[in-house]
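I have placed the structure first, in the form of structure tokens, so that the comments after it can refer back to it.
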Amino acid sequence: MELIRDDIDLSEYMTEQVTEHRVISAADWTEDVIKHFHEHDITPKVFMPWLRTHQDFNLRSGEVTLWGGINGHGKSQIVGQVVLELAKQGQRIALASLEMRPAASMARMARQAYGADIPPKDYLRKFGAWTDEKLWVYDHVGSVRADVMLAVIRYAVDKFAVQHFVVDNLMKCGMGEDDYNGQKSFVDGLCTIAKDTGCHIHLVLHVKKGRDEFAMPTKFDIKGSGAITDLVDNAFIVWRNKKKEIDARSGVDFAPDEPDAMLLLVKQRHGEGHEGEYRLYFDRPSLQYAEYHTGIATHFKAEIGVCAHEIDF
């Protein structure tokens, strides 16, 4: 892991680069259209950790993906697990976790990678070395101006050739909850950077407070400006099954396959536009989310491929 320091000179990245806008003949795109239909499999697809998502979704370059959910429902943990899978696939990722110190973010991911609650010191050193040239972390906790956050993304893409950038979360980027114009402008800036650079940007944000936490949110519950969902390419919602947790503590029976969480793909602009729901099961010692409710520790370690005996140190 390398840090993107808070005192770096961002002056040359603070303004969007001016590009020439051209109106050209549609026929000039013929070869690109041919590639769309006949050569799209040449570029390796980038997948998330869960096999059932592979046929429906992959993380394409130049797109923005939104990760929404109720506060405390595991959005950041799931995104951290996705980051590990991206690193395993050879992707280069930068993380701006504005609510957690870099060491705390890395500790959580190390725990997920190891597959247990207390990784040994030797493993942690090897894990840290494994993240070199794979993972960068913005060394800043707290609010940051929207233009500075956009500049940090441009900087990370330019200096480290990152292919994914995680912004966690929107409300820490210098905008009020009712600053809809500011939110729209910021997300529009993310989309512009993604399209100009090919970087896939992941944006974490909350959903609106409902009557309670038991009902699964929809894309219409995403907090802030409605333009946010309109602008992004993809949107996921993370939902934690609080009723199951309450039933378990109370000794109430529930179905064996009752999920601990749901990952809802509620928007996908490209690909085939597929949307879907994916059941997940939470393993608390490792902070991992699995697709299966039995044999989580062994099965899921093999499935995600990022664990003590499978990372190629």
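The values are calculated or read from the model by the stated rules, or taken from the named source; none is laboratory data. Remember, predicted model here, so these are calculated numbers, not experimental data. For neighbour counting, all protein chains shown are included, and Cβ atoms are generated from backbone atoms with ideal geometry for every residue, glycine included.
General remarks:
- Scanning region 192-208 for residues that are surrounded by fewer than 18 Cβ atoms within 10 Å (Cβ to Cβ) and either part of a helix (DSSP H, G or I) or in contact (Cβ under 8 Å) with a residue 24 or more places away in the chain (or both) yields Thr192, Lys195, Asp196, Gly198.
- Filtered by the rule that a residue be part of a loop (DSSP other than H, G, I, E, B) and either among the hydroxyl-bearing types (Ser, Thr, Tyr) or surrounded by fewer than 19 Cβ atoms within 10 Å (Cβ to Cβ) (or both), region 224-250 gives Ser225, Gly226.
- Qualifying residues in region 267-280 (those that are under 21 Å from His293 (Cα atoms) and free of Cβ contacts under 8 Å to residues at least 60 places away in the same chain) - the one surrounded by the fewest Cβ atoms within 10 Å (Cβ to Cβ): Glu277
- Verdict on Lys35 being in a helix (DSSP H, G or I) and surrounded by fewer than 21 Cβ atoms within 10 Å (Cβ to Cβ): yes
- Leu264 within 27 Å of Phe47 (Cβ to Cβ), among the hydrophobic types (A, V, I, L, M, F, W, C), without any contact (Cβ under 8 Å) to a residue 60 or more places away in the chain and crowded, with 17+ Cβ neighbours inside 10 Å: yes
- Which numbered condition Glu258 fails, given (1) assigned to a strand (DSSP E or B); (2) more than 19 Å from the chain's Cα centre (by Cα): (1)
- Residue list for region 214-240, filter: modelled with pLDDT under 90 and basic (Lys, Arg): Lys219, Lys223
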